[in-house]
Amino acid sequence: MACILAIETSCDETSVAIVCDRNCVSNVVSSQIAIHRQYGGIVPEVASRSHVETINDAIAQSLTEAKLDWSDIDAIATTCAPGLVGALLVGLTAAKTLAIIHHKPFLGVHHLEGHIYASYLSQPDLEPPFLCLLVSGGHTSLIYVKDCGKYEMLGATRDDAAGEAFDKVARLLKLSYPGGPIIDKLAKEGNPKAFKLPEGKVSLPSGGYHPYDSSFSGLKTAVLRLVNQLEEEGGELPVKDIAASFQDTVARSLTKRAINCALDYGLNTIAVGGGVAANSELRKQMEVAGMSHNLRVLFPPLKYCTDNAAMIGCAAADHFNRGHVSPLTLGVKSRLAITEVMELYL
């Protein structure tokens, strides 16, 4: 059994966890939401500085909560791509330093692979092949999970990611940051059928539409036009109904593509990961559709949906058990395709 101390600093969460194979022993997460809320979004330089201020305490707390010392740790892992370069560098520098000081192997982990492995933490019996619907602030992807490190991208967003669309629509409705949880809460009190909004289809040069790719810029524009029209007409803006209609449209679009993709590829399991996996409407629609098509639909616990080091440690443990380690010369990358994961290892 491999015990990994993992670090996650790809964006605005400073997280350190200790994971033994698929068992999370400790998972410390320091959120920066309150810091970035005043700016209406993430400021990369502010995020990096906050990681520097928090990382050492998070490492110490993770070991304390796990009741372990360095002799119990088999390897050090950190997210190295994709993400904000400055933020990634904080985690990478800390991980390499710990690996050198304590004479431990070092592993760089792909952030999206971490989100895939979030489902393993709550479903230790999960094994490939399966389909992963990965929906977050920066990504909306349908990934064919064939094995550890072996992935095929079947669908992606052509513009805004789902989480990004939630944040942008929240701004249009003059709501706070982050938009996802606020829209989810308001939508529970609204009418999802109040306004008909476009799902967003991706046209193919040969005609027709791409069955698995997503597009949310048109939906965002439709909400903008709706808000402008309603404001011109006067009266109070029906924020709850708009939120419910928008959320229902996003969930319906994602569910339709994921279910069709799984059926087309003969996969009987769909694991959903990423921050938007916490959305209640998406969970409901995916679970209902999954049951009607005899598909197993898995959602991680809410604490593993947003960025966290436990999912990074789980992915690293699987790689480490297969003999994969990374060179200490490994750098960070703001972008790296999930299909290029094995470039991170010797």
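Which one is nearest to LEU267 (Cα to Cα), of the residues in segment 91-143 that are among the hydroxyl-bearing types (Ser, Thr, Tyr) and free of Cβ contacts under 8 Å to residues at least 60 places away in the same chain? Ranking the qualifying residues of segment 91-143, first place goes to THR93.
Of all residues assigned to segment 24-33, at least one qualifies as being surrounded by fewer than 19 Cβ atoms within 10 Å (Cβ to Cβ) and without any contact (Cβ under 8 Å) to a residue 40 or more places away in the chain. Filter segment 195-217 for residues that are exposed (fewer than 15 other Cβ atoms within 10 Å of the Cβ) and touching a residue at least 12 places away in the same chain (Cβ under 8 Å) and give the result. Listed by number, the residues that qualify are LYS196, PRO198.
SER334 falls short of the stated requirement of being of a type in the set (Gly, Ala, Ser) and either part of a helix (DSSP H, G or I) or in contact with a strand residue (DSSP E or B) (Cβ under 7 Å, 6 or more places away or on another chain) (or both). Taking segment 284-299 as the range and being outside any loop (DSSP other than H, G, I, E, B) and either closer than 21 Å to PRO192 by Cα or not hydroxyl-bearing (Ser, Thr, Tyr) (or both) as the test, the residues that pass are LYS284, GLN285, MET286, GLU287, VAL288, ALA289, GLY290, MET291, ARG296, VAL297, LEU298.
Which of the residues belonging to segment 208-240 are of a type in the set (Gly, Ala, Ser) and within 18 Å of LYS174 (Cβ to Cβ)? Of everything in segment 208-240, those that are of a type in the set (Gly, Ala, Ser) and within 18 Å of LYS174 (Cβ to Cβ) turn out to be ALA222, GLY234, GLY235. No other residue among LEU298, LEU263 is out of contact with any Ser or Thr (no Cβ under 9 Å at 6 or more places or on another chain) and in contact (Cβ under 8 Å) with a residue 12 or more places away in the chain apart from LEU263.
Scanning segment 135-148 for residues that are surrounded by 20 or more Cβ atoms within 10 Å (Cβ to Cβ) and more than 17 Å from the chain's Cα centre (by Cα) turns up nothing. Tell me, which residue of segment 34-52 that is surrounded by 18 or more Cβ atoms within 10 Å (Cβ to Cβ) and of a type outside the set (Gly, Ala, Ser) is nearest to LEU107 (Cα to Cα)? Of everything passing the filter in segment 34-52, HIS51 is nearest to LEU107 (Cα to Cα). Where helices (runs of 4 or more DSSP H) sit wholly within segment 132-239, those with at least 2 residues that are closer than 27 Å to GLY114 by Cα and outside the structural domain of LEU84 (by TED's automatic domain parsing) occupy 162-172, 179-187.
Could you tell me whether GLU127 is surrounded by fewer than 24 Cβ atoms within 10 Å (Cβ to Cβ), modelled with pLDDT of 95 or more and not in a strand (DSSP E or B)? When the stated conditions are applied, GLU127 passes them.
Selection within segment 149-169: residues that are surrounded by fewer than 23 Cβ atoms within 10 Å (Cβ to Cβ) and among the hydrophobic types (A, V, I, L, M, F, W, C). The member of this set that is nearest to the chain's Cα centre (by Cα) is ALA156.
Collect the residues in segment 331-342 that are farther than 18 Å from LYS96 by Cα and surrounded by fewer than 18 Cβ atoms within 10 Å (Cβ to Cβ), keeping them in residue-number order.
To start, the set of residues in segment 331-342 that are farther than 18 Å from LYS96 by Cα comprises 334-342.
Within segment 331-342, SER334, ARG335, ALA337, THR339, GLU340, MET342 meet the criteria.
Surrounded by 24 or more Cβ atoms within 10 Å (Cβ to Cβ) and over 22 Å from ASN23 (Cβ atoms): is that true of VAL90 in this structure?
Numbers: surrounded by 24 or more Cβ atoms within 10 Å (Cβ to Cβ): yes; over 22 Å from ASN23 (Cβ atoms): yes.
The answer is yes for VAL90.
The values are calculated or read from the model by the stated rules, or taken from the named source; none is laboratory data. From a predicted model like this one, the values you see are computed outputs, not experimental measurements. Reconstructed Cβ throughout: ideal geometry from the backbone, glycine too, with neighbour counts over all protein chains shown.
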